[in-house]
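Take a look at the structure set out below.
Rule-based calculations on the coordinates, nothing more; no lab input. Bear in mind the structure is a predicted one, so any value in this text is a computation, not a measurement.
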Amino acid sequence: MSRSNHNGDNVSFATRRDSADIIFEMLCTCREPAIRTHIMCDCNLSFQQLCYYTALMLRVGLLYKQESRYITTQKGFQYMMHYRHMQALLERKIKGEELEGYSESPLYFRNLP
């Protein structure tokens, strides 16, 4: 059994999502104001997960709450852009393409701004 994610890809229900994936899906859902039930259903979350992630995302400024609806902030849209960029980099790396300007050395990552 599979479903489509927010990139339009089919994803198996057996695939485990990490926090970054869940946050991305919630931000996509909240591009338009969304109530908690809509977020839970659209992102396939338990109520406990919904409470945890909405509190986290409100605290760090990825979402804001207007009455009973959650809305993606500008910072949330930046997260989405960076998430998509990282996904593209990973896909290129998996396909064996060379990534210009990137080094595999751990020292490279220490020098990033």
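Quick notes on this one:
- Amide H contacts under 5 Å for L63: L58, T73, restricted to partners 5 or more places along the chain or on a different chain, H placed in the peptide plane at 1.01 Å from N.
- Phi angles across the range 75-89 convert, under the Karplus curve 6.51 cos²θ - 1.76 cosθ + 1.60 with θ = phi - 60°, into 3J(HN,Hα) values of 4, x, 5, 5, 4, 4, 4, 5, 4, 4, 5, 5, 4, 5, 4 Hz, Gly and Pro given as x.
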